[in-house]
Each structure stands twice: as structure tokens, then as C-alpha cells.
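Reviewing the structure listed below.
Taken together, the values in this text are just the output of simple stated rules run on the coordinates, not laboratory data. Being a predicted model, the structure only gives us computed values, none of them experimental. Here Cβ is always computed from backbone atoms with ideal geometry, including for glycine, and neighbour counts include all displayed protein chains.
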Amino acid sequence: MNNWTAARKIGFHVCAAGWFDKGRVGYPIVKAGVNCGFGKVGIVDYGYRLNKSERWDVYCYNPHSKECGGVLTDQQRIIQSPGFPEEYQDEQICSWHIRVRLGQRIRLHFLEFDVEDDTACLADYLDVYDSYDDISGFAGRFCGDYLPDDIISTGNVMTLKFLSDASVTAGGFQLQYTAINASLFS
């Protein structure tokens, strides 16, 4: 399944950078994101490109979803599903990127957990990555109402990604991350 198909399946809209006339590159956007769009809507123009063999990434977003997630650099912090302790909404996607100091690790401790349960955790789920993105370092996918065990990173970064589909919601989750010295593990 390609990125476009996967994105549409979970309710995202897709923006792809493409070539314009006279060697310019740009993409359409209806909602400027934190890290893309330069605060503009409409056509975001990257300007003239000299290398016509360049390739361009595709990114996906849902302009109707509630904002959630972010970059976290505190030594300790509570993370919870949107609206917690009330039920989370349909069609949510949240990504939390955690970065603590070099020489530290991150301990995730789950306080409460109630996410729609299905056999393969395909409807609603929380993914944990032992990396600063959601591509490498997959550490686990969680759904249902059992409390996951603590997870400790191998480095100073982690990513959490929460996704809910278009039907059935549950109570959500609350967890705490804490920075701990890596020297405790040597």
C-alpha cells in the first residue's frame, strides 16, 4: 500500500509537491502546519529549481482534526490522549516527539490506558518508537484496556503516535515520561 492510499484510508488529505511552469516547485495547502506551509495557505511556492531531477516528499494531514502532539523537551511530563479523561474523538492523529539531554534515556510509565480494542490493533492505537521519527525503532503498538509495562528508550529520543479511526472511541490514555541517566544501565 502506498503512502497516498494509506493516508486516504485513515481520513487524511494529501499534499504533494509538484513541478510548475519554468522549473518552479510548489504544493497546494489548505491549512499551514507548524513545520510546513510557511504560515500560508493556497499555493506554497518553493521557487525555481536548477536540478530538474529532484524528487519531492509527500506529506499528509487532516485539516479537521483537533491539534495534538508536539515536541517535548522537559525532564518529566504527562502525555494524554486529546480530551482526557473524557473519551477521545474519531479521526485523531497525534505525534509526540520527546528529546531529553544526551546521556539520558526516557522511561514511559503508563498511568491509565483504554483504547478501542480489536484483534490486530488496527482501528485505534498508540505506537511507540525508540527514535525521533515514526519510521525506525518500532517498540510496540498498544490498544485495549490493559496497562502496558514501562518502556525505556535506548537513547535520548522517543516518538509516540496516537491514531483513532472514524468509528468507536474509548476512555483514552495517560502516561508519564521521565528522563533518567543512561549511566544507571551501564
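Using the Cβ-Cβ distance between GLN176 and THR73 with R0 set to 25 Å, the FRET efficiency works out to roughly 0.95.
If you rank TYR88, TYR46, TYR129 by fewest surrounding Cβ atoms within 10 Å, what's the result?
Working: TYR88 24, TYR46 14, TYR129 21.
Going from sparsest to densest Cβ surroundings: TYR46, TYR129, TYR88.
The stretch between LEU147 and ARG24, if pulled fully straight at 0.36 nm per residue, gains 39.2 nm over its current Cα-Cα span. For the peptides 106-112, 155-161, 47-53, 93-99, the ranking by packing is 155-161, 93-99, 106-112, 47-53, with the highest mean count of neighbouring Cβ atoms within 10 Å listed first.
Could you tell me the relative contact order of the range 89-186? Use alpha-carbon pairs under 8 Å, at least six residues apart, and round to a whole percent. Mind showing how you got there, number by number?
Working: 241 pairs, mean separation 44.8, N = 98.
46 percent.
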